[in-house]
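Taking it in order: structure first as structure tokens, then the write-up.
The values are calculated or read from the model by the stated rules, or taken from the named source; none is laboratory data. Note that the structure is a prediction, hence the values are computed from the model and not measured. Here Cβ is always computed from backbone atoms with ideal geometry, including for glycine, and neighbour counts include all displayed protein chains.
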Amino acid sequence: MSRRAELLAERLEAGAALLGEFAQGLTEVEWNTRVKDGRTVGVIVHHVASMYPIEMGVARAIASGTPVTDVTWEVVANINAQHAREHAEVSKPAALALLQQNSREAAAAVRLLSDAELDTTAPFSLSFGAPMTAQFVLEDHPIRHAWHHLARIRDVVGRQGSLGQRRTA
């Protein structure tokens, strides 16, 4: 196993764990609080969980040298809106279980990547067709995603908590 892949997988797991731990401690009111885009905190947690398979599919495509041309910000917005409609009443246990399962599977998939695959570049439509490495796609999407939404959730519920102090390699 690649040491780089292991470190990336650990970062993905750390972000998902932080999000899950924080979300577990939310009250029912906080879970149902709306963030700036109108989705509830619960929908956002479920969203992060449900995006891991899609994000990993994109990263694997780039790792194989396959251009990703059909993922645009408009497509992402449509996926997010549809997800919000379909999961508007998501329960905390269901969202947290999916977060744990999908982040674990994503981390396992990251661990399978070689250094050569992490360094492979291909055009990536979310980066305006620029050739991006698979490692960049991993860091900017499945790894960053939980951290990004955790910061927004903390802002909207007005709690930082002590979880932000966790350090990763």
message: So, in the range 99-151, exactly how many residues are hydroxyl-bearing (Ser, Thr, Tyr) and farther than 22 Å from VAL76 by Cβ?
response: 2
message: Return the residues of the range 107-148 that are of a type in the set (A, V, I, L, M), more than 21 Å from SER50 (Cβ to Cβ) and in contact with a Leu (Cβ under 7 Å, 6 or more places away or on another chain); say none if nothing qualifies.
response: ALA134
field: Matching residues in the range 76-93 - criterion: being over 27 Å from ALA61 (Cβ atoms), surrounded by fewer than 15 Cβ atoms within 10 Å (Cβ to Cβ) and in contact (Cβ under 8 Å) with a residue 12 or more places away in the chain
entry: ALA88, SER91
query: Among the residues of the range 11-28, which ones are over 17 Å from the mean Cα position of the chain (by Cα) and part of a helix (DSSP H, G or I)?
result: GLN24, GLU28
task: Select from the range 109-163 the residues that are part of a loop (DSSP other than H, G, I, E, B) and among the small types (Gly, Ala, Ser) and list them in ascending order.
output: SER114, GLY129, GLY158, GLY161, SER162
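This table checks each residue for (1) surrounded by fewer than 16 Cβ atoms within 10 Å (Cβ to Cβ); (2) under 15 Å from GLN100 (Cβ atoms); (3) among the β-branched types (Val, Ile, Thr); (4) at pLDDT 95 or above.
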{"residue": "ALA16", "(1), (2), (3), (4)": "no, yes, no, yes"}
{"residue": "LEU19", "(1), (2), (3), (4)": "no, yes, no, yes"}
{"residue": "GLN24", "(1), (2), (3), (4)": "yes, yes, no, yes"}
{"residue": "GLY38", "(1), (2), (3), (4)": "yes, no, no, no"}
{"residue": "VAL41", "(1), (2), (3), (4)": "no, no, yes, yes"}
{"residue": "VAL45", "(1), (2), (3), (4)": "no, yes, yes, yes"}
{"residue": "ALA61", "(1), (2), (3), (4)": "no, no, no, yes"}
{"residue": "SER64", "(1), (2), (3), (4)": "yes, no, no, yes"}
